[in-house]
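Colleague: Next up is a structure, given as structure tokens.
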Amino acid sequence: MTTNRIARALLASVGVAHLLPATAVLSRDRLERAYGVTVPDADTELLLRHRATFFGLLGTALLAGAADERYRRPALAAGAVSVCSFLALAGPSDTLSPQLRRVRQVDVALLAALVAAAGYEALGSRAAT
């Protein structure tokens, strides 16, 4: 498997991982199951569903980056910003719910996949020149 294919596979897997929570846009029940929280009111539901929409957009961008080299670097950057921002906001806190601790663990793995994809992308670009 070439470095380009490895980078594409890693980026696609991160994209799929971001599409999964996007299904929470469909209903309050999906939001509550996805995050393990009770959505207290319509305003909070709207904000969380809007957040799920952005996961869908990001997942789609990551898949586009996996499919088309022109989008790869912007997709890597957007994915890294998303994952790193959550990790920075969540911090090492033990006060997170079990569901959010799981999200934090997944995001650490996704960050590792993005870093690896960026590395393979750089190796592939260097080999092509």
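Colleague: Assuming Thr95 fulfils every condition listed in (1) more than 26 Å from Thr3 (Cα to Cα); (2) in a helix (DSSP H, G or I); (3) polar (S, T, N, Q) apart from one, which condition is it?
Modeller: (2)
Colleague: Can you tell me which residue in region 8-19 is surrounded by the most Cβ atoms within 10 Å (Cβ to Cβ), limited to those that are farther than 20 Å from Ala90 by Cα and not basic (Lys, Arg)?
Modeller: Residue satisfying both the conditions and the ranking: Leu11.
Colleague: If I ask for residues that are without any contact (Cβ under 8 Å) to a residue 24 or more places away in the chain and either at positive phi or surrounded by 14 or more Cβ atoms within 10 Å (Cβ to Cβ) (or both), which ones from region 35-50 would you list?
Modeller: Residues satisfying the conditions are Val39, Thr44, Glu45.
Colleague: Would you check if there is a residue in region 102-121 being among the aromatic types (Phe, Trp, Tyr) and surrounded by fewer than 18 Cβ atoms within 10 Å (Cβ to Cβ)? Walk me through how you get there before you give the answer.
Modeller: So in region 102-121, the residues among the aromatic types (Phe, Trp, Tyr) come out as 120.
Restricting the remaining residues to those that are surrounded by fewer than 18 Cβ atoms within 10 Å (Cβ to Cβ) gives none.
No: zero hits.
Colleague: How about region 65-85: which of its residues are without any contact (Cβ under 8 Å) to a residue 40 or more places away in the chain and buried (at least 17 other Cβ atoms within 10 Å of the Cβ)?
Modeller: Matches in region 65-85: Tyr71, Ala78, Ala80, Val83.
Colleague: Can you name every residue in region 86-96 that is modelled with pLDDT under 90 and surrounded by 15 or more Cβ atoms within 10 Å (Cβ to Cβ)? Walk me through how you get there before you give the answer.
Modeller: From region 86-96, those modelled with pLDDT under 90 are 91-96; that's our starting set.
Within region 86-96, no residue meets the criteria.
Each row is one residue, and each column tells you yes or no for (1) closer than 30 Å to Leu123 by Cβ; (2) of a type outside the set (S, T, N, Q).
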residue	(1), (2)
Glu32	no, yes
Val39	no, yes
Thr44	no, no
Thr60	yes, no
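Colleague: Another question, if that's okay. Sort through Gly65, Gly56 and tell me the only one that's in contact with a Phe, Trp or Tyr (Cβ under 7 Å, 6 or more places away or on another chain), of a type outside the set (Val, Ile, Thr), within 19 Å of Val16 (Cβ to Cβ) and at pLDDT 95 or above. Show your work before the answer.
Modeller: Working: Gly56 fails: in contact with a Phe, Trp or Tyr (Cβ under 7 Å, 6 or more places away or on another chain).
Result: Gly65 is the single residue among Gly65, Gly56 that is in contact with a Phe, Trp or Tyr (Cβ under 7 Å, 6 or more places away or on another chain), of a type outside the set (Val, Ile, Thr), within 19 Å of Val16 (Cβ to Cβ) and at pLDDT 95 or above.
Colleague: Quick one: what pairs do we get from region 88-107, first residue touching a residue at least 24 places away in the same chain (Cβ under 8 Å), second outside any helix (DSSP H, G or I) and of a type in the set (A, V, I, L, M), C-beta under 8 Å, 6+ apart or different chains?
Modeller: These pairs meet every condition: Ser97/Val37; Gln99/Val37.
Colleague: Just a yes or no: is a residue in region 80-91 in a helix (DSSP H, G or I), under 21 Å from Thr38 (Cα atoms) and more than 13 Å from the chain's Cα centre (by Cα)?
Modeller: Filtering region 80-91 for residues in a helix (DSSP H, G or I) gives 80-90.
Okay, now just the ones that are also under 21 Å from Thr38 (Cα atoms), so 86, 89-90.
Checking which are more than 13 Å from the chain's Cα centre (by Cα) leaves us with 89-90.
Within region 80-91, one or more residues are in a helix (DSSP H, G or I), under 21 Å from Thr38 (Cα atoms) and more than 13 Å from the chain's Cα centre (by Cα).
Colleague: Being among the hydroxyl-bearing types (Ser, Thr, Tyr), assigned to a helix (DSSP H, G or I) and farther than 19 Å from Ala122 by Cα: is that true of Thr53 here? Can you show your working first?
Modeller: Details: among the hydroxyl-bearing types (Ser, Thr, Tyr): yes; assigned to a helix (DSSP H, G or I): yes; farther than 19 Å from Ala122 by Cα: yes.
Yes.
Colleague: Suppose we filter region 2-50 for residues that are hydrophobic (A, V, I, L, M, F, W, C) and either touching a Pro at 6+ places or on another chain (Cβ under 6 Å) or assigned to a loop (DSSP other than H, G, I, E, B) (or both); how many remain?
Modeller: The initial filter retains those residues of region 2-50 that are hydrophobic (A, V, I, L, M, F, W, C), namely 6-7, 9-12, 14, 16-17, 19-20, 22, 24-26, 31, 34, 37, 39, 42, 46-48.
If we keep only those that are either touching a Pro at 6+ places or on another chain (Cβ under 6 Å) or assigned to a loop (DSSP other than H, G, I, E, B) (or both) as well, we get 34, 37, 39.
So the count comes out to 3.
The values are calculated or read from the model by the stated rules, or taken from the named source; none is laboratory data. Since the model is a prediction, treat every value here as computed from it, not as a measurement. Counting neighbours? That spans all protein chains shown, and the Cβs are built from the backbone with ideal geometry, glycine included.
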